[in-house]
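The values are calculated or read from the model by the stated rules, or taken from the named source; none is laboratory data. Here the structure is a predicted model, which means the values were calculated and not measured. Ideal geometry is used to build each Cβ from the backbone, glycine not excepted, and the neighbour counts take in all protein chains shown. Heads up: the accessible areas ignore ligands, DNA and RNA and are worked out on the full protein's heavy atoms, side chains in. Shrake-Rupley method; radii C 1.70, N 1.55, O 1.52, S 1.80 Å.
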Amino acid sequence: MRDTYHIYLTAEERRAVINSLIDLRNDLISRGKYTDIIDELIIKFTKAKVKKIKIKEV
């Protein structure tokens, strides 16, 4: 059985994740390794729906 996880990120966090994946991809390319999995993750993050939620401050 496959578990499903949801991650809620702010716009800044989302941008940081995508930039980190791009940096990792560039590093792998420079070392001559495959980047298929990283490419899929970048596509998933860029196509993911943005859902606005309200956070209650305590």
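Calculated accessible area for region 1-42 comes out at 92 Å² per residue, all protein chains present (probe 1.4 Å; ligands, DNA, RNA ignored).
Taking only protein heavy atoms and a 1.4 Å probe, the accessible area of the chain is 56% carbon and sulfur. Think of the chain as a dipole: +1 on every Lys or Arg Cβ, -1 on every Asp or Glu Cβ, centred on the Cα centre; then among VAL58, ALA48, SER20, VAL58 lies furthest on the positive end.
With everything on Cα atoms, drop me the angle between helix 11-30 and the longest principal axis of the chain, reported from 0 to 90° to the nearest 10. The angle comes out at about 10 degrees.
Rg and Dmax, both from the Cα atoms of the chain and both in Å, are 14.6, 50. Across the chain, the longest piece that holds none of the trypsin sites (Lys or Arg not before Pro) lying in DSSP loops with up to 16 other C-beta atoms within 10 Å covers 3-30.
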